[in-house]
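Right, one structure below, let's go through it.
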Amino acid sequence: MVSAWCVTAAILLGTHMRSTDASSIGPSACWNIGDPIGCDPRNFSNPSNPLTCKEKTIMNWAGKPAYTNAFELKGPTGKTSYEPEEWITLVLRVKIYSLKYRGLIILATADDGTMVGEWKSAVDVGKSRMFWAPHKKCIMHAHADPKPLKMTFRYKAPPVGTGRITFKAMIKVGPANDGYFYYPNGVEKIIGPQIPTGGFPGAHIPFQLTEGPVAPTSWVMGDFSESCFE
């Protein structure tokens, strides 16, 4: 079953994406990570009841996103730049077992905030898929079951002239109508209702790649069971 967040996000995506994207990616868009979502834990009138948030934000039954080092999103070790249109392997790792997530969206943006590149998951096809791409410019969860502690994604870098790119992710932990949102690569270990030092969303180490030179070879993503010669 597709989770409540997935359904709600799909309905609201059109009003929560940058205008620069709206004309280029059509009706199926991607949630703009950084838009207001969730509730500051201090604003629940009854902390034990997630439906008592005083804020009028989207999905205010869950705690608003905070950067935490309980999740790590990274690329190949030592990689600091990308070749235009190359395929890059990215890994999302859960460092605390009890924080196995149910919801996820990952995307990459240029410095002007435009979503760039394309996404694929090794398990984004068929009835058993865990993730899907509502549009090639992002990837998100396809059901509300807990996901693996380590997940690998494939990202196709944008074309020449895009410049530096920043990878972003928003993670949902907890059952429907409850739980907390998180951002990975935080400086602090923020869990549950904890408040980041200095307030939300807290400090983090950006995951960024600069644009490198064009490679002399071209990149192709094959289908399952295909070899490099097919």
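For the range 186-200, give me the residue count where each residue is hydroxyl-bearing (Ser, Thr, Tyr) and surrounded by 15 or more Cβ atoms within 10 Å (Cβ to Cβ).
Summing the residues that are hydroxyl-bearing (Ser, Thr, Tyr) and surrounded by 15 or more Cβ atoms within 10 Å (Cβ to Cβ) in the range 186-200 gives 0.
Out of all the residues in the range 53-68, is one or more open to solvent by 30 Å² or more (accessible area, probe 1.4 Å), at pLDDT 95 or above and closer than 18 Å to residue 169 by Cβ?
yes
Would you check if there is a residue in the range 141-157 being among the aromatic types (Phe, Trp, Tyr), under 17 Å from residue 33 (Cα atoms), part of a strand (DSSP E or B) and touching a strand residue (DSSP E or B) at 6+ places or on another chain (Cβ under 8 Å)?
no
Among 154, 102, which is the only one that is under 16 Å from the mean Cα position of the chain (by Cα), closer than 24 Å to residue 203 by Cα and either aromatic (Phe, Trp, Tyr) or surrounded by 15 or more Cβ atoms within 10 Å (Cβ to Cβ) (or both)?
Sole residue among the options that is under 16 Å from the mean Cα position of the chain (by Cα), closer than 24 Å to residue 203 by Cα and either aromatic (Phe, Trp, Tyr) or surrounded by 15 or more Cβ atoms within 10 Å (Cβ to Cβ) (or both): 102.
Kindly establish whether residue 205 is over 18 Å from residue 103 (Cβ atoms), without any contact (Cβ under 8 Å) to a residue 40 or more places away in the chain and of a type outside the set (D, E, K, R).
So residue 205 passes the test.
Say we look at the range 175-185 and pick out the residues that are open to solvent by 20 Å² or more (accessible area, probe 1.4 Å) and in a loop (DSSP other than H, G, I, E, B); which of these is nearest to residue 98 (Cα to Cα)?
Once the filter is applied, the top-ranked residue is 175.
Could you check residue 164 against (1) among the basic types (Lys, Arg); (2) modelled with pLDDT of 95 or more; (3) surrounded by 15 or more Cβ atoms within 10 Å (Cβ to Cβ) and say which number it fails?
Tallying (1) among the basic types (Lys, Arg); (2) modelled with pLDDT of 95 or more; (3) surrounded by 15 or more Cβ atoms within 10 Å (Cβ to Cβ), residue 164 fails exactly one: (3).
The values are calculated or read from the model by the stated rules, or taken from the named source; none is laboratory data. Everything numeric in this text was worked out from a predicted model, so none of it was measured. Don't worry about glycine lacking a Cβ; one is built from the backbone with ideal geometry, like all the others, and counts go over all protein chains shown. All accessible areas refer to the heavy atoms of the entire protein, side chains included, with ligands and DNA or RNA removed. Shrake-Rupley method; radii C 1.70, N 1.55, O 1.52, S 1.80 Å.
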